[in-house]
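Asker: Here it is, the structure in full.
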Amino acid sequence: QVQVAEFGGGLVQPGGSLTLSCVPSGIAFENQVMAWYRQVPGKERERVGFIVPRGATSEAPSVKGRFSISRDNVKNTVFLQMNNLKPEEKAVYYCKSVTQPFPWGHGTQVNVPS
C-alpha cells in the first residue's frame, strides 16, 4: 500500500529550528522525486521544495537559504531542516512523491507562536 508518514512537528519559538522527516512506503523510494508542502489554515497548500533521487534540491523563494531538504535512500526517509522559523510559517507540513500518483499523508503540525 502506498502511503506516507510525516514526523517531527511541534512548537518552536520564532527564529528557532526544527527538522521534519517523512517516510513513504509502497514505492521504489530511490527513484522518486519527493516534495515538501505546507498548508496554513484558510490558505491553499503550497510547495516548500523538492529533492530529486540523486539529491539535488529546489526550494521556494520564501524559504530559500533557511530551509533545506535532504534524503537518505537507505532509510527511505526525506528530511526538511527548517531554520529561522517565522510565525507565519505555522502550518501543517506534508511530503509526497511527485513522480507518481501518491496520496497525501496526515502531515505534521508546526507551531510558531507570534
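What follows is calculated from the coordinates using simple rules that are stated; it is not laboratory data. Quick caveat: nothing in here was measured; it's all calculated off a predicted structure. All Cβ positions, even for glycine, are placed from backbone atoms using ideal geometry, and neighbour counts span all protein chains on display.
Asker: Can you compute the charge dipole magnitude of the chain about its Cα centre, using +1 on each Lys and Arg Cβ and -1 on each Asp and Glu Cβ, nothing else charged? Give it in debye, rounded to the nearest 20.
Answerer: 120 debye
Asker: Something else now. Please report the spacing between the Cα centers of segment 26-77 and segment 2-17 in Å, no decimals.
Answerer: After rounding, the separation between the Cα centres reads 13 Å.
Asker: Under 28 Å from the Cα of Lys43, which lysines turn up, not counting those fewer than eight places away in the same chain?
Answerer: Lys64, Lys86, Lys90, Lys96
Asker: Which value in nm describes the separation of the simple spin-label points at Ser114 and Thr19, placed 7 Å from the Cα toward the beta carbon?
Answerer: For the pair Ser114/Thr19, the computed spacing is 3.2 nm.
Asker: Quick one: among Ile27, Ile51, Ile69, which has the greatest mean-square fluctuation in a GNM of the chain with alpha-carbon springs under 10 angstrom?
Answerer: Ile27
Asker: For a label point 7 Å from the Cα of Gln100 along Cα→C-beta, name the residues of segment 11-48 whose backbone N is under 20 Å from it.
Answerer: Residues 22-36 fall inside that zone.
Asker: Let me ask something else. Restrict the search to segment 1-53; then list the trypsin sites (Lys or Arg not before Pro) that DSSP places in a loop and that have at most 12 other Cβ atoms within 10 Å of their Cβ.
Answerer: Here the trypsin sites (Lys or Arg not before Pro) that fit, given the DSSP loop and packing criteria, are Lys43.
Asker: Now for a different question. Between Val33 and Asn83, take the C-beta separation as r, use R0 = 25 Å, and let me know the FRET efficiency to the nearest 0.05.
Answerer: FRET efficiency, Val33 to Asn83: 0.60.
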